[in-house]
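Quick note: the coordinates plus some simple rules give every number you see, no bench work behind them. This structure is a prediction, so every number in the text was calculated from the model and none was measured. No Cβ is skipped: glycine too gets one built from the backbone with ideal geometry, and neighbour counts run over all protein chains shown.
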Amino acid sequence: MLKLFQTLNTQALIKATIAAIAVVILVLAGSRNLQNFDAALIAYLLGTVFAVFGIAYRYSVWLQRPPTRLYWRRSWQFLLSKDFPSYAWRSLVLFFKNILFQRFIYPRGKTRWIGHFLLATGCLIAFAVTIPLTFGWVHFTLEQGSFSTYNANFFGFKAGTFELGSPIAFLTFHALVWCSVLVTIGAVMMMKRRLTNGGLIATQTFEGDWLPLILLIAISITGLGISYDYTFLQGRTHQFMSVTHAVTVILFLVWIPFGKFFHIFQRLAQLGANIYKVEGERRGMAVCPHTLEPFASHTHVEDLKNISRDLGFDFRLENGKNHLDFSPEGKRSALAKAHFEARKNSGKFFG
Amino acid sequence: MPNTKYNQQMEFFIDMQRCIGCHACEMACAECETNGQESMIHIHYVDRAVSVQTTVQVCMHCEDPVCANVCPADAITKDDFGVVHTANTSRCIGCSNCVLACPFGVPIKSEPQELMMKCNMCYDRTSAGKKPMCATVCPSQALYYGTREEISKMRPDSVPVNTFQFGEQEVKTKVNIMMPKGSTHLKVH
Amino acid sequence: MATLPISTDKIIEKYGPHKAYTPASGFHGSHEPDRLVKTHCCFCGMQCGIQLKVKDNTIAGFEPWMEFPFNEGRLCPKGVQRYLQNNHPDRLLHPLQRVEGKGFENIGWDKAMDRTISEIRRIQEQYGQDAFGMLSGVSLTNEKSYMIGKFARVALKTANLDYNGRLCMVSAGAGNKKAFGLDRISNSWSDLAGAEVIIIAGTNVSETFPTLTHYIWQARDRGAKLVVIDPRVTPIARTADLHLPVKPGTDSALYGAMLKILVDNDWLDHDFIQHHTSGFDKTIEAVKDYDLAWAEKTTGIPADKILQAATWWGKASTSFLLHARGIEHHTKGVDNVLGCINLVLATGRIGKPYCGYGTITGQGNGQGGREHGHKCDQLPGNRDITNPEHRKYIAGVWGIEESEMPGKGLSAYEMIEAIHRGEVKGLITICFNPLVSLPNNNFVREAFEKLEYYVAIDFFLNETARHADLILPGSLHEEEEGTVTTAEGRVVKINQAITPPGEARKDSDILIELAQRLGAGDKFNYSCSEDIFNELRVASKGGTADYYGITYEKIEKNMGVFWPCPDLDHPGTPRLWEDRKFKTPDGKAHFNPVPYRDPSEVVDTEFPVVLTTGRVVSQYLSGSQTRRIGKLVDQYPEPLLEIHPKLAAKYNIKNRELVKVSTRRGEAFFPAQLVETIREDTVFIPYHWGGKQSANQLTIGTLDPVSKIPEFKVCACRLEPTGQQGTEKMKETAYQSY
């Protein structure tokens, strides 16, 4: 514990605290001073606030690493340049393609993409539903003078109306059921891969790869349990179901900043990397002195020289050039040539 | 990593002057289950116009891997055995920092997958006590996987070296390169 | 009617070659195969051990076989990818019949057999027994090779049976029989690893026998000197202690000059020469004028290099000399081989540990396949079909009268010539793709178009089978049990991993049914491969290639047995001639005089450049198998013209420029690859492709007078730049043989 305080990152601590406080303020504002807040969800709220604190803390620590910091800065620099419209549009397209639809997983395997897409979509919709409810931002009221017309209120303002028993009502009130189904199917597909693929079996870990899937399935099953209970068991097991569900969800929330789920937030950096690549190519390519072919953007090569130096690696050569000026093929060839010379100078190739 | 029968006595030794450029390693690399039909090993001519010299390059598994250091996504890790693993697929953002910074030119960016991939010394095989695919099939044994005793007996006039000099920078690796007896390092530039 | 029934494009569309790749997640069952089957690679004469993964009667992948002593898991790229044939979309699954204008259509086995038998009968009745010929191949097992020899003579009753070993190592076989009376490498590869000086002549070991490299490197680790004789700096020549860039077609001049140096410096084993050899004096008489200046002028190799090679060879205490097609594919292939043998005999370094000599047999069963009678002049046990005693013994084993046995027939290329002349009218081929692998293949195509009936047994529709009237789907290497004999003389076991898919059948079952229908069923009463092998053992007994003491059980137990193995208690013979008892009539090893002569075609003003051909590491022979494996095709997609920058400059040829290469036989276009790793007077084209990019449109069909091997390795050509770059389409489609 002492060590934890010693290694505490002040900058991150400040940012995380601000983020957590901001959430609390938004809860107060959105729920009209807790007027619309559902007290039964207090445990979830606390879990979420902790998660926000943790995510912000880790994100901040992460951004302090030289390569990440550079990408962060460059991304904003390029995005907010005179080319803002094209980069903003590009980012939006990529957000849909790669964040919401995770298209880049498809070439890694079709079933793998289907599994991940189901799992991710279930989670994202569930977040979209539960967070506003937990924060008291969304609540439902009966239309005055009616027994069947419901109003959906957002931040205390009426945002929509629907009839009880209508398809919309059915879909809305069961949204989490659909999410649970998606997540469960997705998680089972991903588990199957982890049981059969030799490469995954060799490299996976329990806490890194299996725990997240187990947790997601536990949340989904217990969530479905609540639904099952009030639909078919008239609430007889409500207490048990709601407690187990709360426990799994809160475990999940608390685990986000530490485990595999943090990649949901890291993934956004992929958009930055894309802009960085496109802008870099526009600014000009670096040509490998060995292959005489362009291989990466000049900006990228120069940035990497600086980053690696910051990290304690100095690839400067005696002739004023830099090993990083070579393309990967050029680097490999340079090593092979050096090895050839060493062998040749020794008088024999073998022995 | 789980269940492992990884034998720490076994080491990887490369001697690219023995390489005959046949690409058996490349074909066999695709059989390694950790990278499913994608080859991670590099084999190519150095300069075909003047020579048939080829080079063959696996991941050298650096003691302080530059790739992991420059990764903005913390996607590359080194395990307790010193094996530097390929990018964690959930983290890698496909930025290519590792591809460009690796002094040995090892990582590969798979563009459609937006993912870096690299040799992880056939972890599915080495962690089960087998030899990596490339070193198993290599017909010239330019790639050799075995103990130090074995290699010193077989190749009495060579010595394994794991220190490389790239200009100002010295890099130490887990994988060895076979050099003339008496060598302590390979100066690349 | 052996013309194409429909356009080449349409045949390719349906029957390939198509490139096959392993699916991203592996073949069905590759993660949990039903079993691993220990067998061998189907390609070259090394016959590396390999384990095939089998799932639900399909090949799902491979696993290295670490225990097999020759290769201990090592493989070349072809070996790694060899498992892609069984699942291949081009695999022939039904008997096919040529239909004019429509291509090929399925025909049941019964009809296919009926038609073939009636055509054989018709042609033989009309034109004589020998008008129906058979061409076979030595990728087949010993059992099949033996049975084909018997099938042709006993069931088909034709003299005209020959095989594609005729393009392989017949020069070596003929030379070895002349010198030693026996045709096998003298030592196992383990002796190679201990030799002090190794000469490899005309063998691109690193690309054609990659797994043999390990043994040469081992020898170098122990201090051996490596001398490579080759017009090109091949990968194995790159780091060699000495590279002699011989001008194609002048090899025997080099060996003659080296022999003279040995004599002049008295680097001779007089005791060995006196007691165990004959013909020494007339042999050295033949080289008395071959001094260094003459040799340098003739071979194009600097004199000091020749002297250095001869000095190392002369002073060595142990040595190994290996050669392959580079010196054998000549009209003086036998001379070249004898020239090498003379160097070995002069120093007496044979029949001792680490002292050896031999040819590196090319094809999978190039060794065993050339011993048991599917050559036109041969009977099992490497017996002679013209020798009355040999005929009598084998007739006895086969249960026929000696008088019924046909005599010596035509060799492979002579048979093509006879077809072209209209003397041979019907043909059955198995495991042979002459349209790609024979020289001057425009002539070969004309011949095939003249056949009245052509039936091909194969598992893919190769370029030649496109011309067939009928195609019978046979078996892959992994679909039938048997044995092969590796290039070091080790008899190993091929295990059946799966049964043939669809309606395809085992090759031996097809031959047995044909024999039955030809009325010789009682002579082909085999229930399994082992029955055939047991008959082969008896047939080979007492011959030079004696397999009598080898059994399946013994092979499995010892991971191979080296022949000769004359009785059941015999351990086999990894090293020959330790007893100095050679198999020649006088029991001595024979020196043979080799006076130098020029190749059949020399350069002149019209065709001023030397053309030589050869192989690349990713392809195997005519490519019928390897041009269907995606990664192997991609590694080297199209044949390139290797040319020295100085020669290129002379004709104003740029790198990657399309060059028209013409010879007296044809012309073709190849992109130029400018490399300093070839002689300045020679160009090289690899020969694995058919159709418009086939190098064998250019090569010459002249034959060695003794071995009847064609002169693939040297002819004269003309080069003309086209001013255009090679197109992407050519590169992308070369493997299909348009």
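About the centre of its Cα atoms, the range A:285-345 shows a dipole size close to 320 debye [charges on the beta carbon of Lys, Arg (+1) and Asp, Glu (-1) only; nearest 20 debye]. Taking 24 Å as the limit for the C-alpha separation, the pairs A:LYS110/B:LYS130; C:LYS541/C:LYS588; A:LYS277/C:LYS631; C:LYS19/C:LYS713; B:LYS78/B:LYS172; A:LYS344/C:LYS225 exceed it in the case of A:LYS110/B:LYS130; A:LYS277/C:LYS631; C:LYS19/C:LYS713. The value given for the range C:465-533 is a Kirkwood hydrodynamic radius of 13.7 Å, derived from the mean inverse Cα-Cα separation. Counting only Cα atoms, the range A:285-345 measures 37, 27, 17 Å along its principal axes, largest extent leading.
In the range C:609-736, what % of DSSP beta bridges are antiparallel (nearest 5)?
Counting DSSP beta bridges with both partners in the range C:609-736, the antiparallel share is about 65 percent.
Of all DSSP-defined beta bridges confined to chain C, some 50% are antiparallel rather than parallel. Using the alpha-carbon positions of the range C:19-84, Rg (one decimal) and Dmax (whole number) come out as 11.6, 33 Å.
When a/c reaches 1.5 or more, the comparison of a/b and b/c decides; with that in mind, is the range C:609-736 rounded, prolate or oblate per its Cα gyration tensor? Note, shape of the range C:609-736 comes out oblate. About the centre of its Cα atoms, the range C:45-157 shows a dipole size close to 140 debye [charges on the beta carbon of Lys, Arg (+1) and Asp, Glu (-1) only; nearest 20 debye].
Once Rg and the Kirkwood radius are both taken over the C-alpha atoms of the range B:11-187, their ratio Rg/Rh works out to 0.95.
Can you tell me what percent of all Cα-Cα pairs in the protein assembly as shown are more than 54 Å apart?
Values: 262903 of 816003 pairs.
I get 32 percent for the Cα pairs in the protein assembly as shown exceeding 54 Å.
Among beta bridges from DSSP that stay inside the protein assembly as shown, the antiparallel ones total about 60%. Taken residue by residue and averaged, Cβ atoms of other chains lying within 10 Å of the Cβ of C:669-679 number 2.
Remark: mean inter-chain Cβ contacts per residue of B:64-75 equal 6, using a 10 Å Cβ-Cβ cutoff to other protein chain atoms. Charge dipole of the protein assembly as shown (Cα centre as origin; +1 on each Lys and Arg Cβ, -1 on each Asp and Glu Cβ, all else neutral): 2880 debye, rounded to the nearest 20.
Overall dimensions of the range A:136-228, expressed as equivalent-ellipsoid semi-axes from the Cα gyration tensor (√(5λ), whole Å, largest first), are 40, 13, 10.
Peptide A:308-317 shows a mean partner chain C-beta count of 6 within 10 Å per residue C-beta.
Once you keep just the Cα pairs under 8 angstrom separated by 6 or more residues, what percentage relative contact order results for the range C:170-359? All intermediate terms of the calculation are to be shown ahead of the outcome.
On the way: 331 pairs, mean separation 64.8, N = 190.
Rounded, it is 34 percent for the range C:170-359.
If you average over every viewing direction, what projected area does the convex hull of the Cα atoms of chain C give, in nm²? If I average the Cα hull's projected area over directions, I get 29.1 nm². Going by Cα centres, the range C:584-602 and the range A:197-255 are how many Å apart? So the two Cα centres are separated by 85 Å. Relative contact order of the range C:609-736: 36 percent, from C-alpha pairs under 8 Å at least 6 residues apart in sequence. Give the residue list of trypsin sites (Lys or Arg not before Pro) in the range C:580-611 that are DSSP loop and have at most 16 other beta-carbon atoms within 10 angstrom. For trypsin sites (Lys or Arg not before Pro) across the range C:580-611 that sit outside H, G, I, E and B with at most 16 neighbouring Cβ atoms in 10 Å, the list reads C:ARG580, C:LYS581, C:ARG597.
Once both labels are positioned 7 Å from their Cα atoms along Cα-to-Cβ, the gap between A:GLU302 and B:GLU38 label points is 3.1 nm.
Here the contact order of chain B, divided by its residue count and restricted to Cα pairs under 8 Å and six or more residues apart, works out to 28 percent. Using only the Cα atoms of the range C:170-359, build the gyration tensor, take square roots of its eigenvalues as a ≥ b ≥ c, and label the shape rounded, prolate or oblate: rounded if a/c is under 1.5, else prolate if a/b is larger than b/c, else oblate. Rounded shape, in that the Cα axes give a/c under 1.5. Along chain C, the exposed loop sites are GluC sites (Glu not before Pro) outside DSSP states H, G, I, E and B with at most 11 other Cβ atoms within 10 Å, and the longest stretch free of them is C:101-400.
In chain C, helical runs assigned H by DSSP with n ≥ 4 each contribute -39500 (n - 2.57); averaged across all residues and rounded to the nearest 500, the mean residue ellipticity at 222 nm is -8500 deg cm²/dmol. When you filter the chymotrypsin sites (Phe, Trp or Tyr not before Pro) in the range B:1-62 for DSSP loop state and at most 11 other Cβ atoms inside 10 Å of their Cβ, nothing is left. According to the Cα-based calculation, Rg over Rh for the range C:575-626 is 1.23, with Rh computed by the Kirkwood formula.
Mean projected area of the convex hull spanned by the Cα atoms of the range C:270-336, taken over all viewing directions: 5.9 nm². Less than 20 Å from a label point 7 Å out along the Cα-to-Cβ axis of C:LEU36: which backbone N atoms in the range C:488-518 qualify, by residue? In the range C:488-518, the label zone of C:LEU36 (backbone N under 20 Å from the point 7 Å along Cα→Cβ) covers C:493-498. Where does the longest stretch of chain A lie that holds no trypsin sites (Lys or Arg not before Pro) found in a DSSP loop with 12 or fewer other Cβ atoms within 10 Å? With trypsin sites (Lys or Arg not before Pro) excluded where exposed in loops, chain A gives A:83-235 as its longest stretch.
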